[in-house]
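The values are calculated or read from the model by the stated rules, or taken from the named source; none is laboratory data. This structure is a prediction, so every number in the text was calculated from the model and none was measured. Positions of Cβ are generated from backbone atoms using ideal geometry, with glycine treated the same way; all protein chains shown enter the neighbour counts. When the accessible area is computed, the model is the full protein with side chains, heavy atoms only, and any ligands, DNA or RNA have been set aside. Shrake-Rupley method; radii C 1.70, N 1.55, O 1.52, S 1.80 Å.
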Amino acid sequence: MELGIKNKVALIAGASQGIGRATALTFAAEGAHLALCARNRTALDAVADEARERFNVSVYVEPVDVEETDALQAFVSHAANELGRVDICVPNAGGPPAKPFLETTIEDWERAWHLNLRSAIVLAQAVLPGMVERRWGRIVTLTSYTVKQPVPELVLSNTIRAGILGLVRSLAGQFGKDGITVNNVGPGFTETARSRQLLEQRAQSRGLPFDQVRHELEREIPIGRMASPEEVAGTIVWLASELAASITGQTVLVDGGSYKGT
Ligand SMILES: NC(=O)c1ccc[n+]([C@@H]2O[C@H](COP(=O)([O-])OP(=O)(O)OC[C@H]3O[C@@H](n4cnc5c(N)ncnc54)[C@H](OP(=O)(O)O)[C@@H]3O)[C@@H](O)[C@H]2O)c1
């Protein structure tokens, strides 16, 4: 199937590992050029080298903390200068810590807002003017299935990421006529460092072995396992493709059926 994104420029934040890394490599496999950021330069360089070697695409990398607005805006501008433009944008970063509500501090809330919502707003504001000018663009945010079904220990994520849905639906309505789609992907438990850390925390708090907690979790997922980062990446890339040009303002869950609503 032709996705129609060969030679497009895809900017992916939080691209040094996990779902962001898999997304970068999946875009590269389709012939898209890449602009990648995260904080760890060495890990980013490894992703960039792999994309160049395997898929012969151009890659621009810059170590950036997405909580730093000036640096994030500068990254978009450098990426556009280096690669000609930004056609596709995937706002992403790590998730906020798992904590019971009464143990969260106001600093935790500030940090979660900066990490997961403010950074997406900054990126969208930076990439949209060029997309409007060229009358083509894709923004695909990466959140969590917790936007539809709260996970008890993830109150920071449940709350802050709900704001992304408002952003996505608002931008979809405003920029559809400019050839721009804006969608959101919500992974369920996915095989990455983030899920390992959450499960280790659960195992510790319940005094149980890690493998037992993991098996319990996987039994609850209708497909009987966590998703792979590549499965989440495939949905992001498909939403960015020409095949999905009529889909906008939507949240697509990649959660193995974990969400029980309609
Ligand atoms: N894995 C799951 O089970 C799961 C489930 C639902 C939702 N999600 C969400 O999906 C997103 C991606 O998850 P993941 O599992 O791929 O996470 P991950 O393995 O922890 O990777 C997070 C990525 O974001 C980067 N990052 C973290 N903080 C950053 C910052 N301040 N500035 C720039 N980059 C930053 C990290 O690189 P550096 O450390 O180098 O900066 C890394 O590349 C997260 O928001 C996560 O909460 C994950």
Problem - Filter result (open to solvent by less than 50 Å² (accessible area, probe 1.4 Å) and either touching a Phe, Trp or Tyr at 6+ places or on another chain (Cβ under 7 Å) or within 11 Å of the ligand (Cβ to nearest atom) (or both)) within segment 133-148 - result: Thr141, Leu142, Thr143, Ser144, Tyr145, Thr146, Val147
Problem - Test: residue in segment 100-112 that is crowded, with 18+ Cβ neighbours inside 10 Å and either closer than 26 Å to Gln250 by Cα or in contact (Cβ under 8 Å) with a residue 24 or more places away in the chain (or both) - result: yes
Problem - Residue list for segment 77-93, restricted to those being surrounded by 23 or more Cβ atoms within 10 Å (Cβ to Cβ) and in a helix (DSSP H, G or I) - result: Ala79
Problem - helices (runs of 4 or more DSSP H) (entirely within segment 192-262) containing at least 2 residues that are surrounded by fewer than 17 Cβ atoms within 10 Å (Cβ to Cβ), without any contact (Cβ under 8 Å) to a residue 24 or more places away in the chain and more than 12 Å from the ligand (Cβ to nearest atom) - result: 193-206, 210-220
Fill in the blank from the handout: From the option list Glu103, Glu107, Glu50, single residue qualifying as within 16 Å of the ligand (Cβ to nearest atom), out of contact with any helix residue (DSSP H, G or I) (no Cβ under 8 Å at 6 or more places or on another chain) and either of a type in the set (Ser, Thr, Tyr) or at pLDDT 95 or above (or both) is Glu107
Practice task
Find the residue count for segment 7-47, including only residues that are more than 11 Å from the ligand (Cβ to nearest atom), open to solvent by less than 30 Å² (accessible area, probe 1.4 Å) and under 19 Å from Arg85 (Cβ atoms).
Solution key: 9
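Would you mind stating whether Pro96 is in a loop (DSSP other than H, G, I, E, B), in contact (Cβ under 8 Å) with a residue 40 or more places away in the chain and farther than 26 Å from Ala32 by Cβ?
In short, yes.
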Problem - Odd one out for Gly188, checked against (1) open to solvent by 20 Å² or more (accessible area, probe 1.4 Å); (2) under 15 Å from Tyr145 (Cα atoms); (3) in contact (Cβ under 8 Å) with a residue 40 or more places away in the chain - result: (1)
Exercise for the section: From Leu243, Leu208, grab the single residue that is over 22 Å from the mean Cα position of the chain (by Cα) and over 20 Å from Gly14 (Cβ atoms). Expected result: Leu208
